[in-house]
Amino acid sequence: MANLNQNNEREQWGSKLGFILAASGSAVGLGNLVKFPAVAGKNGGGAFVLVYFIILFLVGFTLMLAEIVLGRHTKLNAIGAYRKIRKNWAWVGGLGVLAGFMILSYYSVIGGWVINYLLKSLTGALKTSDAEVINQMFGSLVTGTVEPIVYHGIFMLATMIIVIGGIGGGIEKSSKILMPGLFIMIILIALRSMTLPGGVEGIKYLLVPDFSKLSIGVVLDALGQVFFSLSLGMGCMITYGSYLGEDTNIPQSATIIPLIDTGVALLAGLAVLPAVFAYNLDPNAGMGIIFKAFPAIFAQLPFGNFFSFIFFLLVLFAALSSSISLLEVCVSYVVDEWKMNRKAAVTLLGLIIFVIGSIASLSYGPWGHIKFVAGLNFFDSLDFISANYLLPLGGLLLCIFVGWVWGTDNAIKEATNGGKLTFSLASLWVILIKYVGPVAITIVFIRSLI
Ligand code: PHE
């Protein structure tokens, strides 16, 4: 597909479904499959899920709509979109592009680990239930020097190839394969996991709230998780929205995408936690759940290799459909503003991200002693700063921008295609974006700083 950005015509999604699949592909990722079960596990399961839902309703849908509307209205990348409406707000978009850069740098390293495990499940190397062997296998991969960088490079290359294909021919086309595949595989894995003897405990853990577990820390984690999981606060949905045609029903899309994302997160919880409980493993093991607990569980099942292969393929599909959106945020900026062609932009950015990601990878190995923020290594610092601070901050500024600077009347006009569509919850949305969103994000922020 030709890159039309340099002429006056901007590329567009081929169909409404294509946009929904690509945007939910961005949302559904490691955040759902790896982070959600881990954060829910750490924060007491049901109590976290409840808070997550509240924040999703108050902030998630609200910001999803705001970003898509801003993108379609301006037809520009994250920085250009802010600049077009108010020149001195361009830096907010800049924060977003920076966040995308940082997230992709470590995201792609994890993507590399996933490819490695996918191959391991093919060769049968995962078929062991010896905890020592399993721990050592993961440890020696992530602390390695060359091996994890090679896999990170392969993952990054795959991401770059898709993004070079452009909006319709690359991102949309791949999402049409990745997303349906992902749905089928996650349902298969969730069914397998829930029917394990003792699995019911995991379902209860996820769905029955224990209110004694509630704390400000839980709320902060839930807020960060909503932003990360929905790809909000960094202009990703601005960018994807900028490729939309005039006929899309944005309020409807902004409802469907978060629902798909949350559905997949819950399914991931149902795929992971029952298995963890059935085998008396620790629900609080973070990333270890995916790379250590799962192989151990599958090893004990009939067709274990088959299920681990499907599982890691599922995680890979989810990770790829998100990494392409992270790269596209940066590429779209360079193509629009520096007038570079898509292929050159992807190559340049991909190489830089590969280098930063390699440093992140080494920070789990030989460079582990170098600490950055809050006593964390480089890898964890990238995650901590981007997910906990840059995304919620970007979200807060977006609320102020759309609610007060650009104005909700203008936004609603765009959302309803100039009054042609009904947006029945418009007045509720106005209250959420002007008051509830900014206040809620600020409170959580301030509380977390003290
Ligand atoms: N939403 C993605 C996930 O859950 C991560 C992501 C964050 C993608 C921000 C794009 C922008 O894995």
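Values quoted throughout were computed directly from the atomic coordinates according to the rules given, and no laboratory measurement underlies them. Worth saying up front: this structure is predicted, and the values here are computed from it rather than measured. Reconstructed Cβ throughout: ideal geometry from the backbone, glycine too, with neighbour counts over all protein chains shown.
Annotations
- Local electrostatic count, residue 337, Cβ distance below 13 Å [Lys/Arg +1, Asp/Glu -1]: +2
- For segment 35-98 and segment 371-416, distance of Cα centres in Å: 6 Å
- Principal axes of segment 190-279: Cα extent on each, largest first, Å: 51, 33, 17
- CD proxy at 222 nm, helix term only [per DSSP H run n ≥ 4: -39500 (n - 2.57); per residue of the chain; nearest 500]: -21500 deg cm²/dmol
- Computed label-point distance, nm, for sites residue 247 and residue 369 using a 7 Å Cα→Cβ extension: 6.4 nm
- Charge context of residue 109, other residues only, Cβ under 14 angstrom, K/R +1, D/E -1: -3
- Cα gyration tensor, segment 334-435 - rounded (a/c under 1.5), prolate or oblate: oblate
- Point-to-point label distance, residue 84-residue 161, nm (Cα→Cβ direction, 7 Å offset): 3.3 nm
- Between the beta carbons of residue 424 and residue 300, assuming R0 = 60 Å, the FRET efficiency works out to 0.75 to the nearest 0.05.
- With one equal scatterer per alpha carbon and no solvent term, the Debye-computed log10 I(q)/I(0) for segment 16-449 at 0.08, 0.10 1/Å reads -0.41, -0.66.
- One chain, two ends: residue 129 and residue 338. Fully extended at 0.36 nm per residue, the span grows by 70.0 nm beyond their Cα-Cα distance.
- Range in the chain, longest, excluding exposed GluC sites (Glu not before Pro) [loop by DSSP; at most 13 other beta-carbon atoms within 10 Å]: 10-245
- Legend: ranking of residues 160, 287 from fewest to most surrounding C-beta atoms inside 10 Å; resulting order 287, 160.
- Within the shell defined by Cβ-Cβ distances under 12 Å, the residues around residue 70 carry a net charge of +3, with Lys and Arg each +1 and Asp and Glu each -1.
- Segments 434-443, 310-319 sorted - mean Cβ within 10 Å per residue, highest first: 310-319, 434-443
- Springs join every pair of Cα atoms under 10 Å in this Gaussian network model of the chain, and among 112, 96, 368 the largest mean-square fluctuation is at 368.
- Here the simple spin-label model places points 7 Å from the Cα toward Cβ, and for residue 279 and residue 136 these points are separated by 1.8 nm.
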